[in-house]
Structure formats: C-alpha cells, structure tokens
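One structure is given here, and the rest of the page talks about it.
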Amino acid sequence: LFFLSLFLLCPFASALPVRDAHTEVELVSEVESIKPADKFWAGVRFKMDPGWHIYWKNPGDSGLATEIEWNPPEGFSAGPILWPYPQKIEQLPWVSYGYEGEVLLMSEIEPSESLAAGQTLSLEAQVKWLACEKICIPGKAKVILQLPASEEGPSPDERWAEYFSKARERVPLQKGDWKVKVTDSKKNFVIHLTPPAPAKDL
C-alpha cells in the first residue's frame, strides 16, 4: 500500500502498458505535464515480440493497417497520426509494409483553454492492429495516460525523449511545392520533378 500511494501521488505522467497478440502497447507523452492551450505530442508505442510485425497505414499486398482512435478529454483535440517510414516485409509472393521491433505512432494534442492547474487528465486511445509472423493474430487495446495540468510550461519527459526524436527522424518529409508528373514511355515510367522556384538552380 505504501508503494501504491507513492505511485498515485507521483506528479509525472503515468500509464500502464497493455499486452495482446504478441505486442506490448503503451500510451506515452513527450511532456510530464500539460498547460492550457499549449500543444504537446503523445503517441502509442508498439513493442513486438521477435519475429513479429504490425502494419503501416498502407499494408501492401496483405495485412491490415494499424488503427488509433483518440478519445481526448472534453475540449481537447488530437491531430493526425505521423507514420514513420515502414520496413519492407517480404513473404513471397506478397510484399507488405510495416514495423518490426518497436515503433511510436504519434499525434499532436491540443489541450482545452479552460484547463485548470492541479487537474489530472486522462488521455485515452483505442488501438487495433494485426500482428503477423507465420500466422496473423488481431490485437486490440484501450490505453490510458494520466497527465497533470500545470500553469508552468511543460518539461520534457526524459523517459521518452529519444523515442519521439527517432520517430520524427523516420517520418517522410512533405513534398511541399514540388510538382510531380509521371509519363509512360512504353518500356518505362518517367518521373518529372519540378522544384519550388527558389530551388530551381540546385
């Protein structure tokens, strides 16, 4: 009871991992506390058993895309998921795209402006995935993260800083103002790339 009391009184973000379908799933935050109207990043961390994988938003020839449905507190909003670049998974004759080992799928969360300091908020997400090795097993989980609210600017949660940094490094860049045109020259496809005006001389 003593250690349980310490855990409940701890001011840092807390969550419990869920295990299903050869995968450990956990909701994590880049910050230890939140401030009214200050956006922050949170994500679902997947850790697959050795030899098992889950799927990208476009699974390829087989598989099912991983799904995250955010259920933020009233007045909060969650942005789109940032998908790190996937691995190519070949199980001939099929080629799929997904993740082995660990991956963090994150979204930007915007807290309510009416959030009061001293509150503890529950951020929730419903998660579905398909874990595959030689066989495939559907998995699902409800993950919850408790975050305290503070008037001070949020400080980084060092436990997860490297996870968020590596996930961002693997997110494909937006094409911006580049123009892409594909033409068929009978034997090949030709891709024409036109850069934005400032980059034309590069």
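The values are calculated or read from the model by the stated rules, or taken from the named source; none is laboratory data. Note that the structure is a prediction, hence the values are computed from the model and not measured. In this analysis, Cβ positions are derived from the backbone assuming ideal geometry, glycine residues included, and neighbour counts consider all displayed protein chains. Note: accessible area is taken over every heavy atom of the protein model, side chains too, but ligands, DNA and RNA are not part of it. Shrake-Rupley method; radii C 1.70, N 1.55, O 1.52, S 1.80 Å.
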Quiz prompt | FRET E, pair Phe76, Ala161, Förster distance 25 Å, beta-carbon r, rounded to 0.05 | solution = 0.65
Quiz item: Per residue of the chain, what 222 nm ellipticity follows from adding -39500 (n - 2.57) for every DSSP H run with n ≥ 4, rounded to the nearest 500?
Solution: -2500 deg cm²/dmol
Quiz item: Based on the alpha-carbon gyration tensor of the stretch 122-185 and its eigenvalue square roots a ≥ b ≥ c, which shape applies: rounded if a/c is under 1.5, prolate if not and a/b is larger than b/c, or oblate?
Solution: oblate
Quiz item: Name the trypsin sites (Lys or Arg not before Pro) in the stretch 22-91 that are in a loop by DSSP and that have at most 16 other C-beta atoms within 10 Å, would you?
Solution: Lys39
Quiz item: What's the local net charge at Lys140, with K and R +1, D and E -1, over the other residues with C-beta under 14 Å away?
Solution: -2
Quiz item: How large is the dipole of the chain about the Cα centre if only Lys and Arg carry +1 and Asp and Glu carry -1, each at its Cβ, rounded to the nearest 20 debye?
Solution: 1000
Quiz item: Taking a threshold of 25 Å on the Cα-Cα distance, which of the pairs Lys57/Lys142; Lys57/Lys140; Lys47/Lys166; Lys57/Lys187 fall above it?
Solution: Lys57/Lys187
Quiz item: In square angstrom, rounded to the nearest 10, how much accessible surface does Thr183 have for a 1.4 Å probe?
Solution: 50
Exercise. Return the single residue from Pro73, Pro84, Pro93 with maximal mean-square fluctuation; model: Gaussian network over the chain, springs between Cα atoms under 10 Å.
Key: Pro93
Self-check item: Net charge contributed by nearby residues that have their C-beta within less than 9 Å of Phe46 (K/R +1, D/E -1)
Solution: -1
Quiz prompt | Environment charge at Pro36 (Cβ cut-off 14 Å; Lys +1, Arg +1, Asp -1, Glu -1) | solution = -4
Self-check item: Overall form of the chain per C-alpha gyration tensor (a/c, 1.5; a/b vs b/c)
Solution: oblate
Exercise. Under 1.5 on a/c is rounded, so check that first for the stretch 56-111, then, if it is not, pick prolate when a/b is larger than b/c and oblate when it is not; a ≥ b ≥ c are the square roots of the alpha carbon gyration tensor eigenvalues.
Key: prolate
Exercise. May I ask you to give the percent of accessible area on the stretch 35-80 that is carbon plus sulfur, with a probe radius of 1.4 Å?
Key: 46
Exercise. Report the charge-dipole magnitude of the stretch 85-176 in Debye, nearest 20, computed about the Cα centre from +1 at each Lys and Arg Cβ and -1 at each Asp and Glu Cβ.
Key: 600
